[in-house]
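Asker: Please find one structure pasted underneath; my questions will follow.
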Amino acid sequence: MISFVTPMRRYDPENVRRIQAMLPKGCEFIVVTVPGGAAHARNIGAAVAKGEVFAFVDDDVHLISAWDWDEWLTHEWQFAIAETYWPSPNVNAFMMRAESTMLNVLTCVFRYKLFMSGFAAVRRDAFEEVGGYNESVVFEEHVITLDFYRHHFRGARLPVKARMLRRWHGWSPTNDVTSRGKEHPPPKPGEIVVLRT
């Protein structure tokens, strides 16, 4: 089974339905609203997930894919990223295009598999081996990527196109969704919602 994990600041039923509708059928979909930053929420979601593959999806992306997991899982990868990232028309400003272009050059041309959680997938054993997301750093996506490479895990690009629906500045050290410097409380009732697609 594939377990999709989406952190949210607060539960938004309309956005949950939107995300649920774009995911493949027959999967687990976990929405986590526990405070403490995105890395903390992703780790909480992974801890309750039942799947052998975790797919982290942000609440501000639209994914375009044929979702052929049966075929994708026959390949020898431990972690995987989207094929491309690009802003949707409503946030298609110069800086969003520039950052997306840099990210796509990094992943497509230089073949560096940066574990960007707009969409990123990992097999359970690889995620557990590196200890999940590091909650004490600002750039947790970069750190977990380095952890995967340090363990000689194989990365892949899956045929998934990620379209950003909100403006973001992924390289900012003042990133407000980081888990660094925040309390990391255990989840309260209602802060983890497990659904099916």
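The numbers here are math on the coordinates, done by the rules we state, and not lab data. These numbers were taken from a predicted model, which means no experiment stands behind them. Backbone-built Cβ (ideal geometry, glycine too); neighbour counts: all protein chains shown.
Asker: Starting from the Cα-Cα distance between residue 10 and residue 152, subtract it from 0.36 nm times their residue separation and give me the gain in nm to one decimal.
Answerer: Working: separation 142, 0.36 × 142 = 51.12 nm, distance 3.64 nm.
Full extension of this stretch gives 47.5 nm more.
Asker: Further, regarding this structure: Mind checking the dipole of region 2-196: about its Cα centre, +1 per Lys or Arg Cβ, -1 per Asp or Glu Cβ, Debye to the nearest 20? Please report the intermediate quantities before stating the final value.
Answerer: Values: 23 positive and 23 negative charges, 78 e Å.
For this selection, approximately 380 debye.
Asker: Taking each pair of different alpha-carbon atoms in the chain once, compute 1/r for the pair, average those values, and report the inverse of that mean as the Kirkwood hydrodynamic radius in Å to one decimal. The partial results should precede the final answer.
Answerer: Numbers: mean 1/r = 0.0595 Å⁻¹.
After inverting the mean inverse Cα-Cα distance, the result is 16.8 Å.
Asker: Another question, then. Spin-label point model (7 Å from Cα, Cβ direction): what's the residue 64 to residue 136 distance in nm?
Answerer: About 4.2 nm, to one decimal.
Asker: Which of 20, 91, 186 sits farthest toward the positive end of the charge dipole of region 2-196, with +1 on the Cβ of Lys and Arg and -1 on the Cβ of Asp and Glu?
Answerer: Farthest towards the positive pole: 91.
Asker: Quick check: residue separation of residue 101 and residue 88 times 0.36 nm, minus the Cα distance between them. What number comes out in nm? All intermediate terms of the calculation are to be shown ahead of the outcome.
Answerer: Details: separation 13, 0.36 × 13 = 4.68 nm, distance 1.35 nm.
Length difference between fully extended and current span is 3.3 nm.
Asker: Loop only by DSSP, 10 or fewer other Cβ within 10 Å of the Cβ. Give me the chymotrypsin sites (Phe, Trp or Tyr not before Pro) in region 65-155 that pass, ordered by residue number.
Answerer: Details: sites: 67, 69, 72, 77, 79, 85, 94, 110, 112, 115, 119, 127, 133, 139, 148, 149, 153; in loops: 67, 77, 110, 112, 115, 133, 139, 153.
Sites meeting the loop and neighbour criteria: 110.
Asker: Give the lysines whose C-alpha is closer than 21 Å to that of residue 161, dropping any in the same chain fewer than 8 places away, or say none.
Answerer: Qualifying lysines at Cα under 21 Å: 25, 113.
Asker: Pulled fully out, how much extra length does the chain show between residue 124 and residue 50, if you take 0.36 nm times their separation in residues and subtract their Cα-Cα distance? Show your work: numbers first, answer last.
Answerer: On the way: separation 74, 0.36 × 74 = 26.64 nm, distance 0.94 nm.
Once the chain is fully extended between residue 124 and residue 50, it gains 25.7 nm.
Asker: Using the 10 angstrom Cβ neighbour count as an exposure proxy, how do 60, 70 rank, fewest first?
Answerer: Values: 60 18, 70 7.
In order of increasing Cβ crowding within 10 Å: 70, 60.
Asker: Please name whichever of 54, 3, 164 sits farthest to the positive end of the charge dipole of the chain, dipole taken about the Cα centre and charges placed at Cβ: Lys and Arg +1, Asp and Glu -1.
Answerer: 164
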